[in-house]
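Just below is one structure, and these are the notes that go with it.
The values are calculated or read from the model by the stated rules, or taken from the named source; none is laboratory data. Computed from a prediction, not measured in an experiment: that's the story for all the values here. No Cβ is skipped: glycine too gets one built from the backbone with ideal geometry, and neighbour counts run over all protein chains shown.
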Amino acid sequence: MNCYLKKAVAVFAILALVGQGCTKAPSQATTQASQPITINVWGVVDGFSVYSPIFDAYRALHPYVSFNYRRFRLEEYEGELLNALAEDRGPDIFLIHNTWTNKYLPKISSLPPSAQVAYRVQKGRTITYELRQEPTISGREFKAQYADVVQNDLLRTLNVGTASTPNMQERLVGIPTNVDTMGMYYNKDILNVANIPTPPTTWTEFASQVPQLTQLDANGNIIQSAAGIGTADNIDRSTDLLTALMVQNGTEMADANGSPIFHQIPPALRDVRTEPPSYQAVTFYTDFANPAKETYTWNETMPNALDAFVQGQTAFYFGYAYDYDTIRSRAPKLNLGIAPLPQIAGNPPKNIANYWYFAVSKKSQHQDVAWNFLNSLTNSDTLTQILASSHEPSAKKDLLTTQIEDERVGVFASQVLTAFSWYRGSSPTQMEDALKELIRNIRSGVKINDAMRFAAEKIAQTIR
């Protein structure tokens, strides 16, 4: 080989090496990870507009990911969801109510310690993809950043090993964006006419205002009520209101295993009480529907409590932040106020939580991307965008301070840190039916100890 040929070979070798460094192709794993995919997301609370900016922001980093969001009506949602999951056509990500967790544990995956996803990167004039293994929020971080009620609901001890070689670990089973709490909407005009300057802060004050706000006709029919309270079926969240009263009065709803014990005296109160505190709470609740009581203000013949409130027939309505849009759309001229849920004077404040969270289906073929996307919702800036559209109280503690000043959301946000939930059975509907039956039984004269025991036994059948 002459010298010129040797030089040419050397030059070509150098160029090949240099060129290889500049135009190195993505690995097979990266190429596979960046193939176009669609993440199907099912919801029931908020519309597409709430999440659209978040989807777009994620797609800017991961252009191969598309989102298909479907919102269902509440009454059709669970039926559609269960059918779709059973037929392997279900969503990758879907909303679960906080009381549904045990029911859906076999159908959802838990948050992995990390997720591997491809990122769009630009190097010079070249756009390519880079595979990254990113950590997800840890249990320690979740406990530090999120409200207690969310921690208790969503951090579960699960077997991440096999049946023969179990490996029990605490894992997160979903990502929430908000925690709604029950507050008290009120009609300022009705309170003004009754010369009541401020809504009640305690249940004693509430009971004292009831006679001033209740009006009967000549036949004893209620034509104006203080509130929808005391019955089971014409109050949308009667079981939540009753449960809040029970817990505020010192009731322990369930033991460490989730079994109902609300019909018993809690150990800490056995020296100071002769009957379970739930007895007093359910009596107090049902007395508002008892014509023989001074606090009589409601009965089973009344319309739905929300309907009565928007029609100006009641002074108060016990509802959640999510009720605001309905009230405003149906009664735009209503002189509306919002106040915290009344508490029992001298007792620590207790409020009831009602919220949904996002989970990933075990059958999803895109586990890493689904969890990586949900993990992005733990970012406070991202979460702020969502909450600005959804008008719900934050599940993250660091955002609550600013929300408390909000005229619409502030009351509900101020109650998040004292909110609780308790049910860990497999049939939330059966639990609610049992508590409604408890109210009906008390109203019909069943002995309180029998009514309580019946309700506890029915709920216990749903605990695994």
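With respect to being hydrophobic (A, V, I, L, M, F, W, C) and outside any helix (DSSP H, G or I), Phe262 fits the description.
Looking at region 418-433 only, could you name the residues that are assigned to a helix (DSSP H, G or I) and in contact with a Pro (Cβ under 9 Å, 6 or more places away or on another chain)? Correct list: Thr418, Met431.
Tell me, yes or no, whether region 224-236 has at least one residue that is in contact with an Asp or Glu (Cβ under 9 Å, 6 or more places away or on another chain) and of a type in the set (Asp, Glu). Yes.
Within region 246-278, being buried (at least 22 other Cβ atoms within 10 Å of the Cβ) and of a type in the set (Ser, Thr, Tyr) holds for Thr251, Ser278. If only residues of region 51-67 that are in contact with a helix residue (DSSP H, G or I) (Cβ under 8 Å, 6 or more places away or on another chain) and either outside any helix (DSSP H, G or I) or without any contact (Cβ under 8 Å) to a residue 24 or more places away in the chain (or both) are counted, the one that is nearest to Ala118 (Cα to Cα) is His62.
The rows are residues; the columns are (1) within 19 Å of Asn372 (Cα to Cα); (2) at pLDDT below 95.
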{"position": "Ile137", "(1), (2)": "yes, no"}
{"position": "Asp148", "(1), (2)": "no, no"}
{"position": "Asp153", "(1), (2)": "no, no"}
{"position": "Asn167", "(1), (2)": "no, yes"}
{"position": "Gly183", "(1), (2)": "no, no"}
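Here Asn219 passes the criteria (1) over 16 Å from Phe288 (Cβ atoms); (2) within 25 Å of the chain's Cα centre (by Cα) except the one numbered (2). Output yes when any residue across region 341-354 is modelled with pLDDT of 95 or more, surrounded by 20 or more Cβ atoms within 10 Å (Cβ to Cβ), closer than 15 Å to Ala227 by Cα and in the same structural domain as Thr297 (by TED's automatic domain parsing), and no when none is. Scanning region 341-354, I find at least one residue that is modelled with pLDDT of 95 or more, surrounded by 20 or more Cβ atoms within 10 Å (Cβ to Cβ), closer than 15 Å to Ala227 by Cα and in the same structural domain as Thr297 (by TED's automatic domain parsing), so the answer is yes. Within the set Val173, Val150, the sole residue that is buried (at least 20 other Cβ atoms within 10 Å of the Cβ), in contact with a helix residue (DSSP H, G or I) (Cβ under 6 Å, 6 or more places away or on another chain), closer than 25 Å to Ile463 by Cβ and not assigned by TED's automatic domain parsing to the domain that holds Pro200 turns out to be Val173. If only residues of region 225-237 that are buried (at least 21 other Cβ atoms within 10 Å of the Cβ) and in contact with a strand residue (DSSP E or B) (Cβ under 9 Å, 6 or more places away or on another chain) are counted, the one that is nearest to Lys350 (Cα to Cα) is Ile229. The single condition among (1) touching a Lys or Arg at 6+ places or on another chain (Cβ under 6 Å); (2) within 30 Å of Phe67 (Cα to Cα) that Asn335 does not satisfy is (2).
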